[in-house]
1. Tell me the residue from Ile183, Ile202 that is without any contact (Cβ under 8 Å) to a residue 60 or more places away in the chain, touching a strand residue (DSSP E or B) at 6+ places or on another chain (Cβ under 7 Å) and closer than 27 Å to Leu13 by Cα, please.
2. Within segment 259-276, take every residue that is touching a Leu at 6+ places or on another chain (Cβ under 7 Å) and not in a strand (DSSP E or B) and give me the one that is surrounded by the fewest Cβ atoms within 10 Å (Cβ to Cβ).
3. Can you tell me which residues in segment 17-50 are within 24 Å of Ile136 (Cα to Cα), part of a helix (DSSP H, G or I) and not acidic (Asp, Glu)?
4. Just to be sure before I move on: is Ser256 crowded, with 16+ Cβ neighbours inside 10 Å, part of a helix (DSSP H, G or I), of a type in the set (Ser, Thr, Tyr) and out of contact with any helix residue (DSSP H, G or I) (no Cβ under 7 Å at 6 or more places or on another chain) in the structure I sent?
5. Out of Lys214, Lys235, which single residue is in contact with a helix residue (DSSP H, G or I) (Cβ under 8 Å, 6 or more places away or on another chain) and either among the polar types (S, T, N, Q) or assigned to a helix (DSSP H, G or I) (or both)?
6. Here is a list: Ala92, Ala154. Which entry is loosely packed, with under 14 Cβ neighbours inside 10 Å and in a helix (DSSP H, G or I)?
7. Does segment 50-62 contain at least one residue that is among the polar types (S, T, N, Q), within 22 Å of the chain's Cα centre (by Cα) and closer than 18 Å to Leu315 by Cβ?
8. Does segment 214-226 contain at least one residue that is among the hydroxyl-bearing types (Ser, Thr, Tyr) and modelled with pLDDT of 95 or more?
Amino acid sequence: MNAPSPRPIRILLANPRGFCAGVERAIQIVERALEKYGPPVYVRHEIVHNRYVVDGLKARGAIFVDELDAVPTDAPVIFSAHGVPKWVPAEAQRRELVYLDATCPLVSKVHMEAEKHFKAGHHIIMIGHEGHPEVIGTMGQLPAGAITLVEDEAQAETVQVADPEDLGVITQTTLSVDDTAAIMDILTRRFPTIRKPRKEDICYATTNRQLAVKDVAAQSEVLLVVGAPTSSNSKRLVEVADRVGCRASLLVERASDLDWDLIGDARTVGITAGASAPEVLVQELIDAFRERFAVEVVNIAGAEEGISFKLPRLLLD
């Protein structure tokens, strides 16, 4: 007796997806440092929020630590793509450590905006998520009290400042575009003279991936986001799909983590990946579908990305 044929399922692949230029640069910095200095190379915090990437670098000789006091004086140390407070490089200099800063240039841009506001005497409101490494790093560029964090619309409606006429605003780079716009609208209504960025702080990769998810989720019954639970931009992609009206939108770290009951009788499944998730994990998920279904993969066209960032001078010698 012949086994029943696997039922057909269409996979809509969002584009762009996966690694952004800042993540690629950060990973390259660790890889090049390992080549130049030899293992071990120390990294303060996860270089990017993805366990697969971190484990791969660990296997090559990278050692991830919470703080600089775990780094010996004769080893190089790398700061993560999310950015660090000012005291971190200052401490590295004090200890005469060789250090490499893998902060995404788009995060560094926000740091510079904060510095300009501060030097001009403006109090700063930052839109972001409390406790996220990027927010900690950005707020740590300035003295305590110089930046007030606003996380959502409710806080935007109630936040109090000493001088409502003398404010600047910056944002975390990995936020929901729609949520941030709504918060910005409230702040602008309450503080009409607030100084906003000339160009939106949310990075191009975050914006492009959210637009791609809106497109794919609108055509899908289930939307899967390959990414880590600690990844802000990955979690935002799930939220975007929810708002479009997808029956189910799920964050999946690895194919082995997927609860197949949640796929149910879906005929069309969208797949994307957060900016710190490598393409190999997307292909792993597609292969897992092929073991269970007769899969048709459709690439959905999206924004073209050709951006790259230079490596630190120390690694170009």
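The values are calculated or read from the model by the stated rules, or taken from the named source; none is laboratory data. This structure is a prediction, so every number in the text was calculated from the model and none was measured. We place every Cβ from the backbone using ideal geometry, glycine too, and count neighbours over all the protein chains shown.
1. Numbers: Ile183 fails: closer than 27 Å to Leu13 by Cα.
Of the residues listed, the single one that is without any contact (Cβ under 8 Å) to a residue 60 or more places away in the chain, touching a strand residue (DSSP E or B) at 6+ places or on another chain (Cβ under 7 Å) and closer than 27 Å to Leu13 by Cα is Ile202.
2. Filtering first and then ranking leaves Leu262.
3. Correct list: Ala21, Gly22, Val23, Arg25, Ala26, Ile27, Gln28, Ile29, Val30.
4. no
5. Lys214
6. Details: Ala92 fails: loosely packed, with under 14 Cβ neighbours inside 10 Å.
Unique residue meeting the criteria: Ala154.
7. No, that holds for no residue.
8. The answer is yes, given that some residue of segment 214-226 is among the hydroxyl-bearing types (Ser, Thr, Tyr) and modelled with pLDDT of 95 or more.
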